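**Q** To start, I am sharing the structure in question, which I have written as C-alpha cells.
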Amino acid sequence: MPLTMVKAGESNVIRKIGGKEETRRFLENLGFVTGGIVTVVSEIGGNMIVNIKDSRVAIGKDMALKIMVE
C-alpha cells in the first residue's frame with residue numbers, strides 16, 4: 001500500500017520506491033530505501049511528516065504515493 005494510507009504513529013517497512021529515476025534518487029538521498037523503517041508522525045491534507053533513519057522529513061502527497069510500504 002502507498003505511504004499515504006498509513007495512520008500517524010504507525011511504523012512500516014518500505015517495500016518499493018516508484019516514480020522516475022530522478023524521484024527515486026531524491027527519496028533515497030532522504031533515507032527512503034527498500035527495507036527501511038518509516039514512521040508517520042503526522043498527516044495534514046495529504047502532506048506528511050515522517051521519521052526515517054532518526055530524522056524527521058516532510059514530504060508531499062505526490063511523493064508519499066510513490067513509496068510503497070508493508
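The values are calculated or read from the model by the stated rules, or taken from the named source; none is laboratory data. Small disclaimer: the values here were computed from a predicted structure and weren't measured. All Cβ positions, even for glycine, are placed from backbone atoms using ideal geometry, and neighbour counts span all protein chains on display. With ligands, DNA and RNA removed, areas are computed over all heavy atoms of the protein, side chains included. Shrake-Rupley method; radii C 1.70, N 1.55, O 1.52, S 1.80 Å.
**Q** Considering each residue of the stretch 34-70, count those that are part of a strand (DSSP E or B) and either closer than 19 Å to Arg15 by Cβ or in contact with a His (Cβ under 7 Å, 6 or more places away or on another chain) (or both), and give that number.
**A** The number of residues fulfilling the criteria is 13.
**Q** Same structure again: Being over 18 Å from Met1 (Cα atoms) and open to solvent by 100 Å² or more (accessible area, probe 1.4 Å) is the filter here; which residues of the stretch 13-45 pass it? Give the steps one after another, and end with the answer.
**A** Of all residues in the stretch 13-45, those over 18 Å from Met1 (Cα atoms) come to 20-23, 25-26, 28-31, 44-45.
Once the filter is applied, which keeps residues that are over 18 Å from Met1 (Cα atoms) and open to solvent by 100 Å² or more (accessible area, probe 1.4 Å), the stretch 13-45 yields Lys20, Glu22, Arg25, Phe26, Glu28, Asn29, Ile44.
**Q** List the residue pairs whose Cβ atoms are under 6 Å apart, where the first residue sits in the stretch 1-21 and is touching a residue at least 24 places away in the same chain (Cβ under 8 Å), the second is part of a loop (DSSP other than H, G, I, E, B) and open to solvent by 70 Å² or more (accessible area, probe 1.4 Å), and the two are 6 or more positions apart or on different chains.
**A** So the pair list comes out as Pro2/Leu65; Thr4/Leu65; Val13/Glu70; Ile14/Thr34; Arg15/Glu70.
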